[in-house]
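Working notes for the structure below.
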Amino acid sequence: MSASKYTCPLPRAKALDAYFLEHRAKLIDLAAFLDRLDRADPQGAAEDFRLAALRQALAILSDGRGERARRVLECFSDPTAEPIPKAPMKGALGAWDGKAAKP
Amino acid sequence: MKYIDPHIHMVSRTTDDYARMALAGCVALTEPAFWAGFDRSSAQGFFDYFRQLTEYEPKRAAQFGIQHYTWLCINPKEAEDPGFARDVIALIPQFLDRPNVLGIGEIGLNKNSRNELQILEAQIALAAERDQLILVHTPHLEDKLKGTRLIMDALRANGKIEPARVLIDHVEEHTVKPVLDRGFWAGMTLYPDTKCTPQRAADIFETYGNERLWINSAGDWGPSDPLAVPKCHQELLRRGHPASFIEKVSFRNPVEFLGQSPKFSAPA
Ligand SMILES: [Zn+2]
């Protein structure tokens, strides 16, 4: 790899030409998704752990610092270190539900 | 452009997929043993699966000029019952000398449970004892970061495993650097909804370089694309990366890693 920080061969204007519309659409999808959740009755439930992680991740997008993808993924990750006693299911939910491994 | 797809589950794909992959330039692939989407009812079910991977699939691939290699194990999704898992592990040694078997895989963790970890350790020990390469599956979504760390610790704890003989698969932006920093190889899986898109895989190459790193489709019975690897090549070309870059990540890198097994012969 070159030592330059510009490791994407596309000049920035070309990268925008290539990807802007696609990612503009994804951002609007996300905005519409949050609006949709506002229209859905929470039925008294506390904020869902997935939505809480999503809100944390959204703040990363505008904090002006780099490595956004890594940090967003970390927002959704189980931060604990110990194996859990028993697998409760086979699948995954996309965000950590806050249940720490019990000793 | 000729390429290797180093992780794809052809037992779940049609013969048409072999034809399309061959047209797109695939010359070799490796197929790790995995979960079938349902739990097998007996260890004998794995015996038949291992025969399919070592006898039947290589013939199907050869019809299209594709070399077929495989990896054997019990996958972490069926490792929550350690007694059952150990019965399956006991079947593996008799298959290890078959000509297309490169090693143990895809072993790893799914929900990061104690039983999964115990069965992972047993299979790491088998690989060490039989001097096999290892292909590692890392968990999904919220479980990936923790699971990747637990797996790397288990590999190190064995004491006999050289990191350069282990490929840790399904890395993403939060796990690729720790994996490479500890001397392991890393694989990026190109999935439509989870794991990496072709664009993000290209981003990861631009951020972390192209040493000890490869891409695969992990095509299986779920939403996945057996042509994901050539689609990622298109993305790299679109950005202006040279053809030699693609040859490095999708041919020379797999040949270098897989060639550590004497059974692998680089496709012409
Ligand atoms: Zn797989």
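Inspection of the stretch B:60-73 finds a residue satisfying the criterion of being surrounded by fewer than 16 Cβ atoms within 10 Å (Cβ to Cβ) and either at pLDDT below 95 or out of contact with any Ser or Thr (no Cβ under 9 Å at 6 or more places or on another chain) (or both).
For the stretch B:65-79, the set of residues classified as within 16 Å of the ligand (Cβ to nearest atom) and part of a loop (DSSP other than H, G, I, E, B) consists of B:Cys73, B:Ile74, B:Asn75, B:Ala79, listed by residue number.
Here is the figure for the stretch B:142-180: residues that are under 17 Å from B:Phe34 (Cβ atoms) and more than 15 Å from the ligand (Cβ to nearest atom) total 1. Going by the structure shown, is B:Ala62 more than 14 Å from the ligand (Cβ to nearest atom), more than 14 Å from B:Arg98 (Cα to Cα) and touching a helix residue (DSSP H, G or I) at 6+ places or on another chain (Cβ under 7 Å)? Answer is no for this residue. B:Ile134 meets all of the listed conditions (1) in contact (Cβ under 8 Å) with a residue 40 or more places away in the chain; (2) within 22 Å of B:Leu29 (Cβ to Cβ); (3) buried (at least 22 other Cβ atoms within 10 Å of the Cβ); (4) out of contact with any Phe, Trp or Tyr (no Cβ under 6 Å at 6 or more places or on another chain) but one, namely (1). Looking at this structure, is B:Phe34 buried (at least 22 other Cβ atoms within 10 Å of the Cβ), within 14 Å of chain A (Cβ to nearest Cβ) and within 16 Å of the ligand (Cβ to nearest atom)? Yes, satisfied.
Taking the criterion of being out of contact with any Leu (no Cβ under 8 Å at 6 or more places or on another chain) and within 16 Å of the ligand (Cβ to nearest atom), the residues of the stretch B:1-24 that qualify are B:His9, B:Ser12, B:Arg13, B:Asp17. Taken over the stretch B:197-225, the criterion of being open to solvent by 10 Å² or more (accessible area, probe 1.4 Å), within 14 Å of the ligand (Cβ to nearest atom) and not aromatic (Phe, Trp, Tyr) is satisfied by B:Asp220, B:Gly222, B:Pro223, B:Ser224, B:Asp225.
Considering each residue of the stretch B:230-238 in turn, none proves to be out of contact with any Leu (no Cβ under 7 Å at 6 or more places or on another chain) and assigned to a loop (DSSP other than H, G, I, E, B).
For the stretch B:80-100, indicate whether the set of residues that are within 16 Å of the ligand (Cβ to nearest atom) and surrounded by 21 or more Cβ atoms within 10 Å (Cβ to Cβ) is non-empty. No, every residue in the stretch B:80-100 fails to be within 16 Å of the ligand (Cβ to nearest atom) and surrounded by 21 or more Cβ atoms within 10 Å (Cβ to Cβ). Residue count for the stretch B:137-172 under the criterion of being more than 17 Å from B:Glu106 (Cβ to Cβ) and open to solvent by less than 20 Å² (accessible area, probe 1.4 Å): the result is 3. The set of residues in the stretch B:166-182 being in a loop (DSSP other than H, G, I, E, B) and either on the phi < 0 side of the Ramachandran plot or without any contact (Cβ under 8 Å) to a residue 40 or more places away in the chain (or both) consists of B:Asp169, B:Val171, B:Glu172, B:Glu173, B:His174, B:Thr175, B:Arg182.
The values are calculated or read from the model by the stated rules, or taken from the named source; none is laboratory data. Small disclaimer: the values here were computed from a predicted structure and weren't measured. Every residue, glycine as well, gets a Cβ built from its backbone with ideal geometry; the counts of neighbours run over all protein chains shown. Just so you know, the surface numbers come from the protein's heavy atoms only, side chains and all, with ligands and any DNA or RNA stripped out. Shrake-Rupley method; radii C 1.70, N 1.55, O 1.52, S 1.80 Å.
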